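Below is one structure, written out as structure tokens, with a few remarks after it.
The values are calculated or read from the model by the stated rules, or taken from the named source; none is laboratory data. None of these values were measured; they are calculated from a predicted model. Positions of Cβ are backbone-derived with ideal geometry, glycine not excepted, and every protein chain shown enters the neighbour counts.
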Amino acid sequence: MELRQLRYLVRVIELGSISRAALDLDMVQSALSQQISRLEGELSTRLLQRSPKGVVPTEAGLAFFREAQLVLRHVEQAARAAQHSRLSGSVSVGMAPTTAAVLGLPLMRAMRARYPDVRLHMVESLSGHLTAMLNARQLDLAVLFNTHAGRRWSVLPLLEEKLYLIRSRQGLAGKPASRIRVAQLAGMPLILPTGTHGLRSTLDSAFARAKCKPTLVAEIDSLAMLMDAVDSGLGCTLQPWAAVSRFADAPQRFHLAQITDTLAHRSNSLCSLSDDELSPAALAARVVLADCAAEAVRSGRWVGARLAAG
């Protein structure tokens with residue numbers, strides 16, 4: 001088996017066509033087909049299902065494709081590392097918008113200072129999307145809130161965040177309480193993310209324990225849009241402090257009341273592919289990310305957060 005055969009198969013599956021892949025690879029189509037057939041013969045299994053419309057991977061082909069992608073990524077990173085005396089390569093890191101607001105820039109600065117030859121690919125998305133991307137090996141690392149959906153993940157508990165009832169200060173009468181229980185939220189107009197994301201699962205469990213049902217006026221899977229809606233007075237939300245950290249005038253715009261229920265908090269875990277699947281650059285980035293999170297908590301920059309026990 002040769003590396004070029006892995007590259008050929010990966011490109012054919014990505015493009016869904018041997019003819020298009022041959023053009024992309026600047027090869028004769030018959031030569032590309034011959035290489036794929038040799039690979040299938042060596043593995044004694046069919047990797048591609050051919051049809052008049054193109055090709056699709058078989059079950060074996062899809063499994064081989066995923067591993068081949070990892071091998072090619074590591075080969076590229078190894079080549080770059082061999083060309084430089086310092087650690088190099090690329091690392092893809094996923095964070096939810098609230099996490100990125102506190103941790104994104106410190107991570108980029110720390111990686112630039114410690115490993116200037118490592119290229120970061122930062123992805124900001126809701127946790128449900130990040131989970132799918134990590135499972136699909138489109139990310140090396142991600143900070144997630146629900147670790148039950150992982151396949152062969154390495155999971156490091158990072159920290160726990162308090163949750164707050166966040167309201168616009170527009171129209172708030174008197175001096176609202178700084179602490180509140182979930183049961184007291186009954187009837188309040190709430191704006192929350194949908195159920196596919198980690199925070200919503202935590203909140204649904206909290207409402208179930210309090211034996212009350214949230215009054216939803218909107219479900220929004222965008223932190224920026226959700227906070228705009230809260231800012232304009234369309235409803236309240238339940239989020240960690242990090243949700244308002246990008247507002248320079250947050251104390252003037254929003255009122256935060258801490259949710260006091262014992263289990264009403266959000267756990268953050270640093271999740272990654274298994275150690276044997278991570279490149280040296282990704283292993284280094286995992287350590288740096290954990291250090292940045294710990295520094296943000298200890299310095300008080302991450303309000304309402306405490307480091308995970310142990």
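Screening Leu25 on (1) modelled with pLDDT of 85 or more; (2) farther than 23 Å from Leu273 by Cα shows it passes everything except condition (1). The set of residues in the stretch 1-54 being within 19 Å of Glu67 (Cα to Cα) and among the β-branched types (Val, Ile, Thr) consists of Val10, Val12, Ile13, Ile36, Thr45. For the subset of the stretch 148-180 comprising residues that are surrounded by 16 or more Cβ atoms within 10 Å (Cβ to Cβ) and assigned to a loop (DSSP other than H, G, I, E, B), which member is nearest to the chain's Cα centre (by Cα)? The residue in question is Gly150. Taking first residues from the stretch 18-41 that are without any contact (Cβ under 8 Å) to a residue 40 or more places away in the chain and under 11 Å from Tyr8 (Cα atoms) and partners that are aliphatic (A, V, I, L, M) and in a loop (DSSP other than H, G, I, E, B), no Cβ contact under 6 Å between residues at least 6 apart in sequence or on separate chains turns up. Scanning the stretch 6-17 for residues that are surrounded by fewer than 16 Cβ atoms within 10 Å (Cβ to Cβ) and free of Cβ contacts under 8 Å to residues at least 40 places away in the same chain returns a single hit, Glu14. Assessment of the stretch 79-98 against the conditions (more than 19 Å from Leu139 (Cβ to Cβ), touching a helix residue (DSSP H, G or I) at 6+ places or on another chain (Cβ under 7 Å) and among the β-branched types (Val, Ile, Thr)) yields no matching residue. Determine if the stretch 23-32 includes at least one residue that is assigned to a helix (DSSP H, G or I) and touching a Ser or Thr at 6+ places or on another chain (Cβ under 6 Å). Yes, the stretch 23-32 contains a residue that is assigned to a helix (DSSP H, G or I) and touching a Ser or Thr at 6+ places or on another chain (Cβ under 6 Å).
Evaluating Thr196 against the criteria (1) buried (at least 16 other Cβ atoms within 10 Å of the Cβ); (2) farther than 29 Å from Gly300 by Cβ leaves one unmet condition, (1).
Listed by first and then second residue, the pairs linking a residue in the stretch 53-67 that is under 16 Å from Arg20 (Cα atoms) to a residue that is assigned to a strand (DSSP E or B), with Cβ atoms under 9 Å apart and 6 or more places separating them unless they lie on different chains, are Val55/Leu48; Val55/Gln49; Val56/Leu48; Val56/Gln49; Val56/Arg50; Pro57/Leu48; Pro57/Gln49. Within the stretch 243-255, no residue that is within 17 Å of Leu126 (Cβ to Cβ) sits with its Cβ atom under 6 Å from a residue that is in a loop (DSSP other than H, G, I, E, B) at 6+ positions apart or across chains. Remark: Leu165 falls outside the filter, which requires a residue to be out of contact with any His (no Cβ under 7 Å at 6 or more places or on another chain), assigned by TED's automatic domain parsing to the domain that holds Leu216 and farther than 27 Å from Phe254 by Cβ.
With a requirement of 1 or more residues that are more than 20 Å from the chain's Cα centre (by Cα) and exposed (fewer than 14 other Cβ atoms within 10 Å of the Cβ), the strands (runs of 3 or more DSSP E) lying completely within the stretch 204-303 that satisfy it span 215-219. When you look at Pro57, is it within 29 Å of Cys271 (Cβ to Cβ) and modelled with pLDDT of 85 or more, yes or no? The answer is no for Pro57.
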